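Note sheet for the following structure.
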Amino acid sequence: MISYGKQFIDSSDIAAVRKVLRSNWLTQGPLINKFELKLKKYFGAKYCSVVSNGTGALHLAGLALGWKKGDIILTSPISFLASSNCILYSGATPDFIDIDKNNYNIDINKLEQKLKKLKSSSKKVVAVVATDYAGNPCNWKDLRHIASKYNIKLINDNCHAIGATYYNDKSYAVKYADVVTHSYHPVKNITTGEGGAVLTNNKEISEKVNVLRSHGIIKSSKATLLKKGLWHYEMNELGYNYRITDIQCALGISQLKKINKFIKRKKEIARIYDEQFSRDSIFKIPKVEKNYGHAYHLYPLQINFNQENEKRFFFNELYSSKIKLQVHYIPIHLQPYYRKNYGFKRGDYPVAENFYKKEVSLPIYFSLKKNEIYRVINKIKIFLRKK
Ligand SMILES: Cc1ncc(COP(=O)(O)O)c(C=O)c1O
């Protein structure tokens with residue numbers, strides 16, 4: 001079965017994990033710090049905290065920024081649920097901004113219009129969660145400008161864009177956003193099985209995340225231990241268990257060594273799809289603007305299906321040929337939970353809804369072979385010709 005994404009594990013990954021299994025530390029050992037150092041270096045961040053998954057990273061980001069009931073946080077509907085659910089975890093209220101039809105990221109003009117409107121009604125918008133959808137960076141220069149103008153914080157849900165560049169800079173994410181989150185789920189550009197990280201250049205945010213990822217426990221100083229006993233620890237605020245293991249960090253360190261070659265291959269695959277699907281107006285290929293370095297976690301192709309059910313038939317047909325495509329994403333505001341609890345409805349975000357009707361995520365991963373790429377291309381073209 002050819003899937004839309006897949007991890008690549010080689011013998012050096014296996015050796016790294018095996019080494020940890022034979023060591024004294026399975027979790028919270030020396031590799032936590034080592035993985036954090038490597039990530040800091042690669043992504044140009046002053047601080048990094050590795051955690052158990054990308055959702056936990058987003059939850060901790062919101063907590064570290066002090067989100068609470070009454071706060072409004074804006075995000076876009078074309079992202080994974082976690083980008084919006086993290087707002088609910090802290091009791092704050094989510095609201096959406098439609099996507100830009102050209103890059104599928106949050107629409108910057110609509111964001112500014114909404115901020116103006118909410119400000120005049122004295123509603124308290126405190127932050128924006130912006131996803132670099134599919135691996136294509138948002139317009140971070142403009143986002144930064146708007147955030148400073150309206151005094152709001154920026155979270156870059158960077159889970160798709162691990163290894164992307166913006167104006168030739170792979171440390172763009174921490175430069176423009178206050179907090180950056182990663183996921184190392186197997187379909188992402190590098191994997192630790194489950195895993196994630198919070199990256200930032202802000203010391204306070206980082207310290208808060210470090211405490212909250214492990215129950216809110218503060219490690220006692222040597223002096224306190226001597227005074228109160230060697231077993232002493234203290235909890236002053238409510239935290240969680242979002243710890244990651246040394247086993248996962250060993251895999252992460254080994255995977256990070258391969259990130260450049262993973263992305264290089266993904267770009268090669270994307271060029272083949274671009275070339276094959278740009279000739280027919282039934283398709284729309286993802287556009288990458290000058291100065292943007294797409295990391296191709298996904299290759300979102302838009303297809304003009306001409307009947308309501310055609311996309312469903314298309315998926316079934318490809319599945320029967322052992323090609324398992326995916327759709328990213330069902331717009332978050334259309335999920336029953338969001339409709340029921342927040343009153344969102346069909347038609348609220350027309351660009352996102354139209355994108356959803358057309359979007360198909362094509363297979364794109366390091367080990368995808370040339371003959372498999374062309375099998376996917378041919379099956380798609382044959383299906384659409386038959387109709
Ligand atoms: C944009 C985005 N944000 C957050 C997450 C959550 O990451 P995780 O699955 O590691 O919790 C994902 C993962 O699919 C994602 O794609």
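The values are calculated or read from the model by the stated rules, or taken from the named source; none is laboratory data. If you're wondering where the values come from, they're calculated on a predicted model, not measured in any experiment. Here Cβ is always computed from backbone atoms with ideal geometry, including for glycine, and neighbour counts include all displayed protein chains. These accessible areas exclude ligands, DNA and RNA; they are computed on the full protein's heavy atoms, side chains included. Shrake-Rupley method; radii C 1.70, N 1.55, O 1.52, S 1.80 Å.
The three principal axes of the C-alpha atoms in the range 306-380 carry coordinate ranges of 47, 29, 20 Å, sorted with the longest axis first. Model label points for Asp274 and Thr27, set 7 angstrom from Cα along the Cα-to-Cβ axis, are 4.4 nm apart.
Between Ile285 and Lys203, the modelled label-to-label distance comes to 4.8 nm, taking each label 7 Å out from Cα in the direction of the beta carbon. Summing Cβ point charges (Lys, Arg +1; Asp, Glu -1) relative to the Cα centre of the range 1-146 gives a dipole of roughly 440 debye. The Cα atoms of the range 278-330 cover 39, 23, 23 Å along the three principal axes, with the biggest extent listed first. Model label points for Asn241 and Glu310, set 7 angstrom from Cα along the Cα-to-Cβ axis, are 5.1 nm apart. Taking the inverse of the mean 1/r over every pair of distinct Cα atoms in the range 54-189 gives a Kirkwood hydrodynamic radius of 14.7 Å. Which entries of Lys117/Lys290; Lys257/Lys370; Lys267/Lys381; Lys357/Lys379; Lys69/Lys141; Lys41/Lys228 have Cα-Cα distances beyond 26 Å here? Violating the 26 Å Cα-Cα cut-off are Lys117/Lys290; Lys69/Lys141; Lys41/Lys228.
Run the accessible area of the range 168-318 with a 1.4 Å probe and give the carbon-and-sulfur part as a rounded percent. Provide the component values of the computation, followed by the final result.
Details: 3870 of 7610 Å².
On the range 168-318, the fraction of accessible area on carbon and sulfur atoms equals 51 percent.
Ligands, DNA and RNA excluded, the heavy atoms of Ile382 present near 90 Å² of accessible surface to a 1.4 Å solvent probe. Per-residue accessible area (protein heavy atoms, 1.4 Å probe) orders His185, His328 as His185, His328, starting from the largest.
Please report, in whole Å³, the volume per residue of the convex hull around the C-alpha atoms of the range 188-289.
Working: hull volume 18.5 nm³, N = 102.
Dividing the Cα hull volume of the range 188-289 by its residue count gives 181 Å³.
In the range 232-359 the Cα-Cα distances spread across 5 Å bins starting at 0 as 2, 7, 11, 13, 14, 13, 13, 12, 7, 3, 2, 1, 0, 0 percent of all pairs. Of Leu256, Leu81, the residue with the largest accessible area leads and the full order is Leu81, Leu256 (1.4 Å probe).
Within the accessible area of the range 40-163, what % is carbon and sulfur when the probe is 1.4 Å and the other protein chains stay in place? Mind showing how you got there, number by number?
Details: 2160 of 4330 Å².
Roughly 50 percent, rounded to a whole number.
How many percent of DSSP beta bridges within the range 1-151 run antiparallel, rounded to 5? Kindly include the intermediate steps, with their values, before the conclusion.
Working: 1 of 9 bridges.
Bridges in the range 1-151 that DSSP calls antiparallel: roughly 10 percent.
Summarised as an ellipsoid, the range 11-118 has semi-axes of 36, 17, 13 Å, derived from the eigenvalues of the Cα gyration tensor scaled by 5 and square-rooted, with the largest first. Legend: Rg and Dmax of the chain, from Cα coordinates, 21.7, 80 Å.
What translational diffusion coefficient, to the nearest whole µm²/s, does the range 186-233 have by Stokes-Einstein, given a Kirkwood radius computed over alpha-carbon pairs, a temperature of 25 °C and 0.890 mPa s viscosity? Please report the intermediate quantities before stating the final value.
Values: Rh = 13.5 Å.
In µm²/s, the coefficient is 182.
Heavy atoms of the protein chains alone define the surface here; on that basis the range 71-120 has 36 Å² accessible area per residue at 1.4 Å probe size.
How much of the DSSP beta bridge set in the chain is antiparallel, as a percent to the nearest 5? Please list the in-between numbers first.
Details: 25 of 43 bridges.
In the chain, approximately 60 percent of DSSP beta bridges are antiparallel ones.
For the range 297-339, the per residue solvent-accessible surface stands at 50 Å², with DNA, RNA and ligands left out and a 1.4 Å probe.
3J(HN,Hα) along the range 211-226, derived from phi through the Karplus expression 6.51 cos²θ - 1.76 cosθ + 1.60 where θ = phi - 60°, amounts to 6, 6, 6, 9, 6, x, 7, 9, 5, 6, 6, 4, 4, 5, 4, 5 Hz, with x in place of Gly and Pro.
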